[in-house]
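J.: Dumping the structure here so I can ask a few things about it.
The values are calculated or read from the model by the stated rules, or taken from the named source; none is laboratory data. Keep in mind that what you see is a predicted model, and the values were worked out from it rather than measured. FYI the Cβ positions are ideal-geometry reconstructions off the backbone, even for glycines, and counts take in every protein chain you see.
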Amino acid sequence: MTTQPAAVVRSTRRRPAPTLLIGAALVLLVVLAALISFVWTPYDPVQAAPADRLQGSSAAHLMGTDRYGRDVFSGILYGARITLLVGLVAVGIALLIGTPLGILAGMRGGAVEEVSMRAADILLAFPALLVAIMFGAVFGASTTTAMLAIGIGSIPGFARVARSGTLQVMSTEYVLAAKASSQGAFRIARRHVLPNIAGMVVVQCSVSFAIAVLAEAALSFLGLGTPPPVPSWGRMLQESQQFLGTYPMLAVWPGLAIAVAVLGFNLVGDGLRDKFDPKLNGGR
Amino acid sequence: MRSNKKFGLAAAVLAGALSLTACNAGAGSSASPEAQQDSVTVALTGEPVNLDFTTTAGAAIPQALMSNVYEGLVEIDQEGKIQPLLAESWELSDDRKTYTFKLREGAKFSNGEPFTAEDVKFSIERVQSDEWVSSLKSKMDVVDAVNVLSDTEVEVVLKQPSNAWLFDMGTLVGAMFDPSGVDDLANTAIGTGPYTIEAWNRGQSIELAARDDYWGEKPGVETATLRYFADAVATTNALQSGDVDVVYNMQAPELLSSFESNDKFQVLEGTSNGEIVLSMNNKEAPFDDVRVRQAVMHAIDRQAVVDTAWNGYGTVVGGPVPPTDPYFEDLNDVYPYDPAKAKELLKEAGAENLDITFTVPTRPYATAVSEIVVSQLAEVGINAKIESAEFPAVWLDQVFTKHDYQMSVVLAVESRDVLAMFNNPDYYLGYDNSKIKDAAAKADASDEAGYAAGMKDVVRTIVDDAAADVLFIFPNIVVADAKVTGIPANSVTEALDLTNIGWK
């Protein structure tokens, strides 16, 4: 990434901020849960066992069982997979479409900028969740439509961040120098703009990831996300709704999992922002 | 002078406003303990669109009006038996085609008109006319003629003998109307029942007031209010806070445990006419093969479905007939839970490792049932993929109308609906009725004993063919203040009969 050291904004902090560490630890926890679920879960997360229904925490069932006798811990592990998958794909879509669009707008200016940024504004006017609900209603509820919808809803964020970063970079001396030496636009974008806005974009990724996780949970809660019986944290939360008075822990576990993931990605985002933001570091 | 007139008008308006407030204050004070004995508030979900069940479908209208505002010649009691109501007695001719009803004297409509044999003729013929547009009107097709013999005697001649007809006369098609009271059925309900509609606050409640000139015994309370809520959680919250006294047909059994352990409340579990039907499209592969359908029947542990999906509330009967029907029979032994047998049947049918789509309507019972069903089907090698369909619009269109589905699950609520479901090959279940068509017609035409026996055979055939898997009979759950008495726990017809509700 730092092929051109002179052009990269330096960080004056040596030690990572505590928020970054805590965030990274929480994210790692979620990633580990997802990875473990590929090789091992205590029980089959979709296998009902009516005889063992609604049990509390025990050695056999770490987080108890739900109304169908399914092991909640297995469901949480497996659910991490869905959460990460949705987050990755959604952020990936937004990153791959939004960032180039933003850079293009920032470098070209004029009509290109106007059109693409107004389009982003229009998209921004619809909350990502609303777009997702619309998608779910039209194409049917599934993990894929949820990922697509959340991804599309996150594009404007990336486009704006990339554009504002690009505008800053474009007014620096080294870009002027590059222009003067008649380097092509594509080369400038790749060698000067992209490395310099990378930090901002990474922060945007992390924050968008947190939003995507929350959106997926909300969609599944509404029955527009991952269809049953595949465990998803949002739906586990929704299914435990009626047991709030009698078995509150059923809601606590998926709620906690969602909180950990969202907090983790948000903290990482905050930590990275502190690290990259030149103003906060007293740099340039 | 002019200004005086104005003043007079203002005064009148003011006086009117004051008297309105006074009324409201009066109604509000009914919450005091003594006054409470005179009124009861019942929480329901799903408000009527209007008050006219002759043109508008939906269970909410007859639920509020039948037995309370409208009455029929007969009524269906809590055990599903036919009892006299506006008819004191009746005789059936030897050819079982002519019913002669002797009507009760002194019954009056709430508009003051006396109830006579002419009203019976008017009401029955009105069902047959174009005034009724409900699909239920076909239940009156069997009537050939209605003859008025005297003011209190009326004769109904049927085209062919029918056992189902007299039962239907106890449901909404048998409601008795007055010729002068049908002009504005959507907003005004005039019947012979013990209550009249006092007020209808749209979006909130219907208030029923007891009539002074009712022909029978006065109901237990002066005012009965039906309050409509968005969902089950809201109804139980209202009960807990004392805003309502009874929650009828509660749809969230998981919420019950806190009421069961509290002496201030009572929880009643009655039966209903609702069957949770796991439907398999009999006309499409793979469920056009009877062995595959039978495999599903063996693969599903119905008691486990009730226990997990509906907290143990509901009756497992193994067939499409609720216990309150005269031809009820416990058929649990036909398809015991036997995954090994199921696998064997699938192997025979060459349908191992089957992939199917399970279209699940967005109703609480359906989503709850679907997950356990999918898990149990997986154990015998049927991989069911859940596809949720918005209810009612999408589900009705895709499954019910276009028959574009493999497996689905829905609550069938109509009373005595076995033949409606299975004696019609164009119904969404697609069951080939050639085996039961004649037997069903014969049963309906024979005497009562022959009817029950004949229908039992019909039901047996349907179950042997595994036409659909009836998972359980939906419970009618009632949660109420412990001091409320006379709640009709069994929901046998559409009606919620408020007449016996009172306080200890």
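J.: Listed residues A:254, A:229; which is closer than 30 Å to residue A:56 by Cβ, buried (at least 21 other Cβ atoms within 10 Å of the Cβ) and within 11 Å of chain B (Cβ to nearest Cβ)?
T.: On the way: A:254 fails: within 11 Å of chain B (Cβ to nearest Cβ).
Matching residue, one of A:254, A:229: A:229.
J.: For residue A:267, only one of the following conditions fails: (1) under 20 Å from residue A:77 (Cα atoms); (2) part of a helix (DSSP H, G or I). What is its number?
T.: For residue A:267, the exception is condition (1).
J.: With (1) touching a residue at least 40 places away in the same chain (Cβ under 8 Å); (2) assigned to a helix (DSSP H, G or I); (3) more than 14 Å from chain A (Cβ to nearest Cβ); (4) in contact with a helix residue (DSSP H, G or I) (Cβ under 9 Å, 6 or more places away or on another chain) as the list, and residue B:259 as the residue in question, which single condition is left unmet?
T.: Every listed condition holds for residue B:259 apart from (3).
This table checks each residue for (1) in a helix (DSSP H, G or I); (2) crowded, with 24+ Cβ neighbours inside 10 Å; (3) at pLDDT 85 or above.
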site: A:59; (1), (2), (3): no, no, no
site: A:68; (1), (2), (3): no, yes, yes
site: A:79; (1), (2), (3): yes, yes, yes
site: A:87; (1), (2), (3): yes, yes, yes
site: A:90; (1), (2), (3): yes, yes, yes
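J.: Right, next: Using the structure shown, decide if residue A:166 is within 20 Å of residue A:208 (Cα to Cα) and without any contact (Cβ under 8 Å) to a residue 12 or more places away in the chain.
T.: On the way: within 20 Å of residue A:208 (Cα to Cα): yes; without any contact (Cβ under 8 Å) to a residue 12 or more places away in the chain: no.
Spelling it out, it is not the case that residue A:166 is within 20 Å of residue A:208 (Cα to Cα) and without any contact (Cβ under 8 Å) to a residue 12 or more places away in the chain.
Quick grid of which residues meet (1) within 14 Å of chain B (Cβ to nearest Cβ); (2) among the small types (Gly, Ala, Ser); (3) touching a helix residue (DSSP H, G or I) at 6+ places or on another chain (Cβ under 9 Å):
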position: A:185; (1), (2), (3): no, yes, yes
position: A:204; (1), (2), (3): no, no, yes
position: A:220; (1), (2), (3): yes, yes, yes
position: A:273; (1), (2), (3): no, no, yes
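A quick yes/no check of all residues on (1) touching a Gly at 6+ places or on another chain (Cβ under 8 Å); (2) away from chain A (no Cβ under 11 Å):
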{"residue": "B:370", "(1), (2)": "no, no"}
{"residue": "B:377", "(1), (2)": "no, no"}
{"residue": "B:384", "(1), (2)": "no, no"}
{"residue": "B:387", "(1), (2)": "yes, no"}
{"residue": "B:392", "(1), (2)": "no, yes"}
{"residue": "B:397", "(1), (2)": "no, yes"}
{"residue": "B:405", "(1), (2)": "no, yes"}
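J.: In the stretch B:357-364, is there at least one residue being out of contact with any Cys (no Cβ under 9 Å at 6 or more places or on another chain), surrounded by fewer than 23 Cβ atoms within 10 Å (Cβ to Cβ), within 14 Å of chain A (Cβ to nearest Cβ) and of a type in the set (D, E, K, R)?
T.: yes
J.: Can you tell me which residue is farthest from residue A:52 (Cα to Cα) among those in the stretch B:363-389 that are in contact with a helix residue (DSSP H, G or I) (Cβ under 8 Å, 6 or more places away or on another chain) and in a loop (DSSP other than H, G, I, E, B)?
T.: B:381
A quick yes/no check of all residues on (1) touching an Asp or Glu at 6+ places or on another chain (Cβ under 7 Å); (2) among the small types (Gly, Ala, Ser); (3) not in a helix (DSSP H, G or I):
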| site | (1), (2), (3) |
| --- | --- |
| A:225 | yes, yes, yes |
| A:230 | no, no, yes |
| A:252 | no, no, no |
| A:259 | no, yes, no |
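J.: Write out, first by first residue and then by second, each pair whose Cβ atoms fall under 6 Å of each other, whose residues are 6+ apart or on separate chains, and whose first residue, in the stretch B:213-239, is in a loop (DSSP other than H, G, I, E, B) while the second is of a type in the set (Val, Ile, Thr).
T.: B:219/B:499; B:220/B:501; B:221/B:40
J.: Of a type outside the set (Ser, Thr, Tyr), farther than 16 Å from residue B:481 by Cβ and in contact with a strand residue (DSSP E or B) (Cβ under 8 Å, 6 or more places away or on another chain): does that describe residue B:224? Outline the logic, then answer.
T.: On the way: of a type outside the set (Ser, Thr, Tyr): yes; farther than 16 Å from residue B:481 by Cβ: no; in contact with a strand residue (DSSP E or B) (Cβ under 8 Å, 6 or more places away or on another chain): yes.
For residue B:224, the condition - of a type outside the set (Ser, Thr, Tyr), farther than 16 Å from residue B:481 by Cβ and in contact with a strand residue (DSSP E or B) (Cβ under 8 Å, 6 or more places away or on another chain) - is not met.
J.: Scanning for something within 14 Å of chain A (Cβ to nearest Cβ), surrounded by 20 or more Cβ atoms within 10 Å (Cβ to Cβ) and assigned to a loop (DSSP other than H, G, I, E, B), does the stretch B:287-299 turn up at least one residue?
T.: Step one: filter the stretch B:287-299 for residues within 14 Å of chain A (Cβ to nearest Cβ), giving B:299.
Those left that are additionally surrounded by 20 or more Cβ atoms within 10 Å (Cβ to Cβ): B:299.
Those still in the list that are assigned to a loop (DSSP other than H, G, I, E, B) too: none.
No: the stretch B:287-299 contains no residue that is within 14 Å of chain A (Cβ to nearest Cβ), surrounded by 20 or more Cβ atoms within 10 Å (Cβ to Cβ) and assigned to a loop (DSSP other than H, G, I, E, B).
J.: So is residue B:489 under 15 Å from the mean Cα position of the chain (by Cα), at pLDDT below 95 and surrounded by fewer than 22 Cβ atoms within 10 Å (Cβ to Cβ) or not? Even if it seems obvious, please write down each step before you answer.
T.: On the way: under 15 Å from the mean Cα position of the chain (by Cα): yes; at pLDDT below 95: yes; surrounded by fewer than 22 Cβ atoms within 10 Å (Cβ to Cβ): yes.
So residue B:489 fits the description; yes.
J.: Out of all the residues in the stretch B:41-65, which are hydroxyl-bearing (Ser, Thr, Tyr) and either under 15 Å from residue B:202 (Cα atoms) or without any contact (Cβ under 8 Å) to a residue 40 or more places away in the chain (or both)?
T.: Here is the first cut: in the stretch B:41-65, the ones hydroxyl-bearing (Ser, Thr, Tyr) are B:41, B:45, B:54-56.
Correct list: B:45 only.
J.: Right, something else. Does the stretch A:39-55 hold any residues that are assigned to a helix (DSSP H, G or I) and facing chain B (nearest Cβ under 7 Å), and which are they?
T.: Initial filter on the stretch A:39-55 (assigned to a helix (DSSP H, G or I)): A:39, A:50-52.
If the condition is that a residue be assigned to a helix (DSSP H, G or I) and facing chain B (nearest Cβ under 7 Å), then A:50 is the only one that fits.
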